[in-house]
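Take a look at the structure set out below.
The values are calculated or read from the model by the stated rules, or taken from the named source; none is laboratory data. None of these values were measured; they are calculated from a predicted model. Here the Cβ positions follow ideal geometry from the backbone for every residue, glycine too, while neighbour counts run over all protein chains shown.
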Amino acid sequence: MKDVVERIGGKGSITGTLKQGAVWFAEKLGRFKLNDSILSYSELSRLIELETLAAAAQERISLWDSLDAVGGSEPRLDGISFAYFREQSQQHVDELNKVRRFAAGEAFCAAE
């Protein structure tokens, strides 16, 4: 991914740092909302985090599809196999979905 960003003239370091900060903040906010405490963790917190990761992984699939659509007409993207990256992202989504489904059962059965 870093190679793609560099080829099109982008600089990902600031964006990556901002995203990491936003994810950290969202996690803390999510814990507060679900548990009334920033320090404790629940099965529902885990489920929310997995849902967020699955959504982000799905967005990466869309990114690779979009780049693949313009890749043939953009010389800076020559030689990049977007199908490979898309497949990697799809595998990530599939694995996250298995864990997410398990976490959903844990979160809602624990609430009973």
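Specify which of the listed residues (LEU53, LEU18, LEU44, LEU34) is in a helix (DSSP H, G or I), modelled with pLDDT under 65 and within 21 Å of GLU106 (Cα to Cα). First the steps, then the outcome.
Numbers: LEU53 fails: modelled with pLDDT under 65; LEU18 fails: within 21 Å of GLU106 (Cα to Cα); LEU44 fails: modelled with pLDDT under 65.
Result: LEU34 is the single residue among LEU53, LEU18, LEU44, LEU34 that is in a helix (DSSP H, G or I), modelled with pLDDT under 65 and within 21 Å of GLU106 (Cα to Cα).
Is there any pair linking a residue in segment 74-89 that is closer than 24 Å to GLN58 by Cβ to one that is surrounded by 12 or more Cβ atoms within 10 Å (Cβ to Cβ) and among the basic types (Lys, Arg), with Cβ under 6 Å and at least six apart or on different chains, and which?
If the second residue must be surrounded by 12 or more Cβ atoms within 10 Å (Cβ to Cβ) and among the basic types (Lys, Arg), the pairs left are SER89/ARG60.
Among the listed residues ILE80, ILE61, identify the single one that is outside any helix (DSSP H, G or I) and at pLDDT 65 or above.
On the way: ILE61 fails: outside any helix (DSSP H, G or I).
After applying the criteria, what remains is ILE80.
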